[in-house]
Amino acid sequence: NTDSKQEAEKEEEEQQQLKKTSFYSFLNIKAARTPGAILLMVSRVFMALAFHVFQTIWSVALKSKFDFGPSDYGKYLSFIGLTYALSQGFLSKFLLEKLGGNKCDQTRVRTIIACCIVLGLGRLLVYHTGSLVLVYFLFTCIVTALGMINTILTADTSYLSSSDEIGSLFGLLASVESGAGMIGPILGGALSYVHPVRAPLLFVAFLYACVSVIFAWGYEKHILAKKSKVLKSKTL
């Protein structure tokens with residue numbers, strides 16, 4: 001009994017040590033400390049905050065302006081989901097090829113910035129429109145831009161780390177976005193006390209402006225340059 005108890009305690013200690021090691025390994029990601037990864041984390045947090053802050057007032061606007069009920073919300077969300085799936089599965093690749101974003105780094109950066117402008121300006125316009133048809137049209141543009149920018153960022157992120165760390169890096173990026181998902185609604189509610197509409201909308205526009213500046217400043221330098229190095233090393 002004493003031996004079995006000691007073995008059980010030893011096994012439990014080993015399990016605890018393994019958990020600590022795994023958790024530390026998750027946090028100790030070398031690629032996450034590079035300028036490119038930090039740039040992506042900051043930009044993704046800002047975009048996630050903008051999304052959740054906007055949602056705090058948009059769901060109310062749909063009800064007050066268009067008298068949305070359960071059926072209307074279901075159709076609206078189904079439309080958003082279908083448009084996003086088409087954007088990532090087909091439109092993003094098609095548009096990038098047409099715009100030359102796969103061949104020229106500067107065009108790729110300009111495409112990302114254009115998507116940020118559409119995401120920010122589109123939300124400002126859609127909130128102030130009184131036409132449901134225009135709402136669906138604007139959200140087609142917004143969701144297409146979102147799918148396109150996410151496709152580009154996901155593809156380029158894969159070049160920032162080695163194959164043994166790429167899963168952890170994607171997990172860390174997802175974690176920071178989830179954290180923004182918890183903070184965003186609270187922040188949106190707090191801004192509504194300043195002004196129920198203008199404060200959240202201006203903050204959303206400010207966040208997308210910041211993301212555009214971040215991408216214009218460092219995306220080509222810290223992310224696409226790394227991508228070029230990796231691709232060149234594979235051809236040697």
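The values are calculated or read from the model by the stated rules, or taken from the named source; none is laboratory data. Treat the numbers as computed from the prediction; the structure is a model and nothing was measured. Glycine also receives a Cβ, built like all others from the backbone with ideal geometry; neighbour counts cover every protein chain displayed. Remember, those area values only see protein heavy atoms, side chains included, never the ligands or the DNA or RNA. Shrake-Rupley method; radii C 1.70, N 1.55, O 1.52, S 1.80 Å.
Annotation: Lys229 carries an accessible surface of approximately 150 Å², with a 1.4 Å probe and no ligand, DNA or RNA atoms counted.
Summing +1 for each Lys or Arg and -1 for each Asp or Glu among the other residues whose beta-carbon sits under 13 angstrom from that of Arg44 gives -2. Taking Lys and Arg as +1 and Asp and Glu as -1, the other residues whose beta-carbon sits under 13 Å from that of Leu95 total +3. Solvent-accessible surface of protein heavy atoms, probed at 1.4 angstrom with all chains present, puts Arg123, Arg110, Arg198 in the order Arg198, Arg110, Arg123, largest first. Which entries of Lys103/Lys221; Lys30/Lys98; Lys65/Lys93; Lys63/Lys93 show an alpha-carbon separation above 24 angstrom in the structure shown? Pairs exceeding 24 Å: Lys30/Lys98; Lys65/Lys93; Lys63/Lys93. Share of pairwise Cα-Cα distances greater than 21 Å in the stretch 20-157 is 51 percent (whole percent).
D by Stokes-Einstein for the stretch 83-183, Kirkwood Rh over Cα pairs, 37 °C, 0.692 mPa s: 218 µm²/s. Counting heavy atoms of the protein chains alone, Ser59 has an accessible area of about 50 Å² for a 1.4 Å probe.
In the context of the full protein assembly, Glu220 retains an accessible surface of approximately 80 Å², using a probe radius of 1.4 Å and ignoring ligands and nucleic acids.
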